[in-house]
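Below: the structure, in structure tokens.
No value in this document is a laboratory result; all are computed from the given coordinates. Keep in mind the model is a prediction, meaning the values are calculated, not measured. Cβ coordinates were reconstructed from backbone atoms using ideal geometry, including for glycine residues, and neighbour counts include every protein chain displayed.
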Ligand SMILES: [Zn+2]
């Protein structure tokens, strides 16, 4: 969330298009926040994509592609791992973007399994909304408890390890930032 992973996916796919490779982009049907047919990042830098109900559909629809992009991959089930393996075994370049942790800070399947079998993994970080450090967690700002809760700035904010407060599933309100925490100097932009 807010780490630029969709922007990075789009950047890599655009470069493949410039190289005249055949690119197909997919995302789960359930992510309807912005558009039915485009992979749209928070900065509106869109790329046409195909919404699919299941990971298996990607196998058929990507048959003629050289490069396959998959966004919001944490919303697919574990079948996506076999699908990506099969595509890669066919010689396709497979680029997957997704959240690696859920709102409780737990590994968010199937992303950890994909990270294990991938040749290359890039972890992107947002900036902690509390202290400015690199943020590795999504802090849910509402009391809802389902693992899948679509939303942007109104429901989540990026937090670093120190500032992340995993919601207590038995208690209610979203945790307030630690009041005793002295913010470190914000990191340099690369
Ligand atoms: Zn922080």
Q. How do the peptides 48-59, 66-77 rank, highest first, by the average count of neighbouring beta carbon atoms within 10 Å per residue?
A. 66-77, 48-59
(Q) Compute the orientation-averaged projected area for the range 5-124 from the convex hull of its Cα atoms and round it to one decimal in nm². (A) 7.0
Q: Express in nm, to one decimal, how much length is gained between residue 88 and residue 15 on full extension, taking 0.36 nm for each residue of separation and deducting their alpha carbon distance.
A: 24.4 nm
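Expressed as cubic angstrom per residue, what is the convex hull volume of the alpha carbon set of the range 76-130?
Enclosed volume per residue, from the Cα hull, is 86 Å³.
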Q. Taking 0.36 nm per residue of separation and subtracting the Cα-Cα distance, what length does fully extending residue 116 through residue 60 add?
A. 17.7 nm
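Which FRET efficiency, nearest 0.05, do residue 145 and residue 53 yield, Cβ-Cβ r, R0 30 Å? Spell out each step's value before the answer.
Numbers: r = 25 Å, r/R0 = 0.84.
The value I calculate is 0.75.
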